[in-house]
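Worksheet for the structure shown next.
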Amino acid sequence: MYKKIISVIFSFIILTCCLGNNTIKNKEEKIYKNVYIENINVESMSKKECIDILNEAYPLEDINLKYNSKVWTIHPSDIDFRYKVEDATNKALAYTRSAKKLENLKRKSKLILNERHHINLEATYDKNKLDVIIDCIAQQIDREAISATLAIENDGSFKKLPSKDGKQLQKDEIKKQIEDLINNKNIMDLNLPVKTTISKIKTEDVESVNAILGQFSTAFNNESSRGNNIHVAGESSSDIIIMPQEIYSYNNATGPRVLSKGYKYAPVIVGGKYINGEGGGVCQVSTTIYNAALLAGLEIVEVHNHTYLSHYVSGGRDATVAYGYYDLKFKNPYSHPIYIKNIVGKGSITSKIYGCKDDMQRVYIRTEQEYKKDKIIIKTYRVYLNKENKKIKEELISTNKYDKK
């Protein structure tokens, strides 16, 4: 039955087209029935009528972007934003006027039987121009997070500055939202998506530093090139915050120990022999810090002993370093930060490791020594005590082998 109806309509359309061919050419083209652009029925409309009604239904509107009390307005002309009204109208007119007459007849037949044909109204805008606008807005909003700062003076006084959170406009997200507004033809105000970035070191982190967890001192000849190097290395490896689970590296703290950084030639051990080298004496600084770290209960990650026993610390408690080869490393095992402070005076260096008083440990260091032929072997242990000074546990820190002189 349906096929018969289609056939009758098809024949009627052919007859109408043949009889009215001359008169149609003289009339203004109209859009065929049941043709829709978006949700608007544009049947029987001329090109101008269709364009006018689409412009009225889908006006070009400003896009307002809001953040706190500020508003940024994007005008359609700023990004060459427009709807392709004329393109959609031309598609509607051309739907039943294609190059293939038989196809046109089939389409008209379906439209006569109330089968709708829908045409999308496409939108266009310059994404590069939008990028420039969003970048400009970001410059007004974005700010880097500022970590809290801590400085401990030689007299033990604290100087603390609070942290500040950062702000970062989520540019990709807002551009996607604008694209969706335009494509969905639903222009409205948007709240800018701004992410709060947290500083690495927060105010509460530095506030938790309130006690000395461990300290150690060694003596040296201040009036020498070696003494000069201890001053330089002591300063460069000091005033450093180590966050929980972070690892302190002595070599990273000082950098290369070279003349251009203020170091001088002083005796160093190379291949079991004393020679003059750049930065001689820096091992005394690393050793002093190492012993403070031991007493503070920090996790020793890397430590090396000298070839010979040192004169400024007992055997098994030295920490030799050589940039690019040997390093002193330890980890902060606590849930609060620690702060390394070196105080270099006339003839002595003291390393203090500050932290939270809740992390204070009762420890002492003991060593075991034995002689094997031309070697001195010393094992270094850290012993933990409870409040009654009874041993809780003991751990082997290092096994050190020295040559006999």
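The values are calculated or read from the model by the stated rules, or taken from the named source; none is laboratory data. Note that the coordinates shown come from a computational prediction; the quantities given were computed from them, not determined experimentally. FYI the Cβ positions are ideal-geometry reconstructions off the backbone, even for glycines, and counts take in every protein chain you see. SASA here: full protein model, heavy atoms, side chains in, ligands and nucleic acids out. Shrake-Rupley method; radii C 1.70, N 1.55, O 1.52, S 1.80 Å.
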Among segment 274-297, those whose backbone N falls under 14 Å of a label point 7 Å along Cα→Cβ from Tyr312 are 279-292
Rounded to the nearest 10, the angle in degrees between the Cα long axis of helix 225-236 and the longest principal axis of the Cα atoms of the chain comes to 30
If the chain between Ile198 and Arg362 were fully extended at 0.36 nm per residue, the gain over the current Cα-Cα distance would be 55.6 nm
Computed about the Cα centre, the charge dipole of the chain from +1 Lys/Arg and -1 Asp/Glu charges at the Cβ has a magnitude in debye, to the nearest 20, of 1240
In degrees, nearest 10, the alpha-carbon axis of helix 85-94 is tilted away from the dominant principal axis of the alpha carbons of the chain by 40
Per GNM of the chain with C-alpha springs under 10 angstrom, the most fluctuating residue out of Ser69, Ser335, Ser314 is Ser69
Rg from C-alpha atoms of segment 19-128, normalised by the globular rule of thumb 2.2 N^0.38 Å, equals 1.40
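Quick one: of Lys202/Lys341; Lys127/Lys164; Lys264/Lys373, which pairs are farther than 30 Å apart, Cα to Cα? Mind dumping the intermediate values first?
Values: Lys202/Lys341 20 Å; Lys127/Lys164 34 Å; Lys264/Lys373 37 Å.
Listed pairs above 30 Å: Lys127/Lys164; Lys264/Lys373.
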In terms of the charge dipole of segment 38-147, which places +1 on Lys and Arg and -1 on Asp and Glu at the beta carbon, the residue among Ser69, Asn120, Ala145 farthest towards the positive end is Asn120
In whole percents, the bins of 5 Å from zero upward hold the Cα-Cα pairs of segment 123-209 as 3, 13, 16, 15, 11, 9, 8, 7, 6, 5, 3, 2, 1, 0
Over all viewing directions the Cα convex hull of segment 192-279 casts an average projected area in nm² of 10.2
Expressed to one decimal in nm², the mean projection of the alpha carbon convex hull of the chain is 37.9
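Please report, in debye to the nearest 20, how large the charge dipole of segment 70-168 is about its Cα centre when each Lys and Arg carries +1 at its beta carbon and each Asp and Glu carries -1 there. All intermediate terms of the calculation are to be shown ahead of the outcome.
Numbers: 19 positive and 15 negative charges, 230 e Å.
The calculation lands at about 1100 debye.
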For segment 234-322 (alpha-carbon point model, no solvent) the Debye-based log₁₀ I(q)/I(0) at q = 0.24 Å⁻¹ works out to -1.37
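Compute, for segment 101-215, the length of the dipole vector about the Cα centre, with Cβ point charges of +1 (Lys, Arg) and -1 (Asp, Glu) only. Units Debye, rounded to 20. Each step should come with its number before you reach the end.
On the way: 20 positive and 19 negative charges, 216 e Å.
Rounded to the nearest 20 debye, it is 1040 debye.
Solvent-accessible area per residue for the chain at a 1.4 Å probe radius, Å²?
Numbers: 22540 Å² over 405 residues.
Accessible area per residue: 56 Å².
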Relative contact order as a percentage, segment 55-176, C-alpha pairs under 8 Å and 6+ apart, gives 19
Note on segment 280-348: the mean projected area of its alpha-carbon convex hull, in nm², is 5.3
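So how many Å³ per residue does the convex hull of the Cα atoms of segment 166-323 work out to? Walk me through the numbers before you get to the answer.
Details: hull volume 29.3 nm³, N = 158.
It comes to 185 Å³ per residue, whole-number rounded.
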Rounded to a whole %, the carbon-and-sulfur portion of the accessible area of segment 40-148 at a 1.4 Å probe is 46
Between the alpha carbon centres of segment 204-248 and segment 385-405 the gap in Å comes to 23
